[in-house]
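Structure, as structure tokens:
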Amino acid sequence: MKYHVLFSVIATSIFLGGCTEKVTQAEYDAMESDYQSQISELEAQVTSQKEYIDATNTSIKELSSNVDDFEYQDWRTVVPTVYENTKTLESNIQEFDQY
């Protein structure tokens with residue numbers, strides 16, 4: 001039991017002793033620059049995803065609106081528009097798959 005406690009104390013002191021390594025200002029600045037770069041990349045990805053979501057939502061709303069046109073317009077007039085909007089939506093989805 002005493003050896004177990006002694007081993008725990010020694011292992012803890014060795015572990016904590018290794019954590020006292022100081023970081024220089026230059027190393028800190030380099031880490032901060034790396035983090036800022038990563039943050040900028042992630043913000044750009046978020047912006048890109050928001051633009052994709054907005055474009056997809058717009059396509060869905062247009063398609064839904066065109067489908068509603070079947071109720072009061074001739075199907076021959078509505079089908080080409082629905083087809084075009086469906087292709088636009090498919091294009092948006094395929095662009096997302098490339099991310």
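The values are calculated or read from the model by the stated rules, or taken from the named source; none is laboratory data. Fair warning: this is a prediction, and the values are worked out from it, not measured in the lab. Cβ atoms come from the backbone with ideal geometry, glycine included; neighbour counts cover every protein chain shown. These area figures cover heavy atoms from the full protein model, side chains too; ligands, DNA and RNA do not enter into them. Shrake-Rupley method; radii C 1.70, N 1.55, O 1.52, S 1.80 Å.
If you take the residues in region 55-99 that are of a type in the set (Asp, Glu) and under 20 Å from the mean Cα position of the chain (by Cα), which one is surrounded by the fewest Cβ atoms within 10 Å (Cβ to Cβ)? Result: ASP97.
Is it the case that SER8 is among the polar types (S, T, N, Q), at pLDDT 85 or above, in a helix (DSSP H, G or I) and out of contact with any Phe, Trp or Tyr (no Cβ under 7 Å at 6 or more places or on another chain)? No. Within region 36-53, being over 22 Å from ASN92 (Cβ atoms) and either open to solvent by less than 60 Å² (accessible area, probe 1.4 Å) or outside any helix (DSSP H, G or I) (or both) holds for one residue alone: SER37.
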